[in-house]
Amino acid sequence: MANVGYDDTPQLPNQEWLVHDGSRPEPRVVTPGTDAGAPSDAVVLFDGTDLSKWKGRDGAAAWKVEDGYMEATRSGDIETVEQFGDCQLHLEFRSPEVVKGDSQGRGNSGVFLMGLYEIQVLDSYDNPTYADGGAGSIYGQHPTLVNASRKPGEWQTYDIIFIAPRFDGDTLVSPACLTVLHNGVLAQHAQASDGPTGHRSVSSYSSDHPAAGPLKLQDHGDLVRFRNIWMRPLPASDHT
């Protein structure tokens, strides 16, 4: 095999490798999905056929599955059986086409990373509400950079990079960090979370924070639909 790098270049700072180091391992190959489909190393959490990878508050998830989507049915939140820490998440959601209500009473749901950190789902198209409660917000903490919402009844996408918090004993070393693209538009940019999100409360971290948790979807009483949900667990990294 031909030499593809160099062995006479300077060493990179804080790394064991030289610049253009020919012996540095190449990245592993991942086959991308098509049309927002899951890449080859993803965990497919919902492919439009069943809820076998989800559970509800009383056992099996009871949301409706039809025509390739799942829909909240006022049976309570659902969450994945599998648990995750650092991850890349893709999902698509749709608020009802017929508009009923306003502010937080319109197409309301939520995507909870580790079951703790909510990225708000809301029909935010021409629908004023409090800034830290709009679609794509880190609920109750950080508004989005922009409002990229589509019209009610249209499918929308979230692509989320989530880095879990790190602790050294009882001391928080680095907070949870989220990057969110809403319909391909940057809504949260490496935004630190103040702690697990809540309603009408100030968040904080505790040392008994779990290392991994489920992906949870909220049943807020609105007929919100989801489809094409997949997760790529990310290797643990030092992001301090």
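The values are calculated or read from the model by the stated rules, or taken from the named source; none is laboratory data. The structure displayed is predicted, hence computed values, not measured ones. Glycine gets a Cβ as well: all are built from the backbone with ideal geometry, and neighbour counts include every protein chain shown.
Total residues in the stretch 170-206 satisfying the condition of being among the hydroxyl-bearing types (Ser, Thr, Tyr), outside any strand (DSSP E or B) and either at pLDDT 95 or above or in contact with a strand residue (DSSP E or B) (Cβ under 6 Å, 6 or more places away or on another chain) (or both): the figure is 3.
A count restricted to the stretch 155-183 and to residues that are polar (S, T, N, Q) and either touching a helix residue (DSSP H, G or I) at 6+ places or on another chain (Cβ under 6 Å) or farther than 28 Å from Asp35 by Cα (or both) stands at 2. Ser52 meets the conditions (1) in contact with a strand residue (DSSP E or B) (Cβ under 8 Å, 6 or more places away or on another chain); (2) in a loop (DSSP other than H, G, I, E, B); (3) under 18 Å from Pro214 (Cβ atoms) in every case but one. The failed one is (1).
Among the residues of the stretch 193-228, the one identified as surrounded by 15 or more Cβ atoms within 10 Å (Cβ to Cβ) and either without any contact (Cβ under 8 Å) to a residue 12 or more places away in the chain or touching a Cys at 6+ places or on another chain (Cβ under 8 Å) (or both) is Ser193.
Could you please let me know if Phe167 is in the same structural domain as Glu79 (by TED's automatic domain parsing), part of a strand (DSSP E or B), of a type outside the set (Lys, Arg) and crowded, with 19+ Cβ neighbours inside 10 Å? Here the answer is no, as Phe167 does not meet what is asked.
Of all the listed residues (Leu178, Leu172, Leu186), the sole one being under 16 Å from the mean Cα position of the chain (by Cα), among the hydrophobic types (A, V, I, L, M, F, W, C) and under 22 Å from Gln83 (Cα atoms) is Leu178. Just to be sure before I move on: is Phe93 in contact (Cβ under 8 Å) with a residue 40 or more places away in the chain, hydrophobic (A, V, I, L, M, F, W, C), within 16 Å of Pro233 (Cα to Cα) and crowded, with 17+ Cβ neighbours inside 10 Å in the structure I sent? Against the criterion (in contact (Cβ under 8 Å) with a residue 40 or more places away in the chain, hydrophobic (A, V, I, L, M, F, W, C), within 16 Å of Pro233 (Cα to Cα) and crowded, with 17+ Cβ neighbours inside 10 Å), Phe93 does not qualify.
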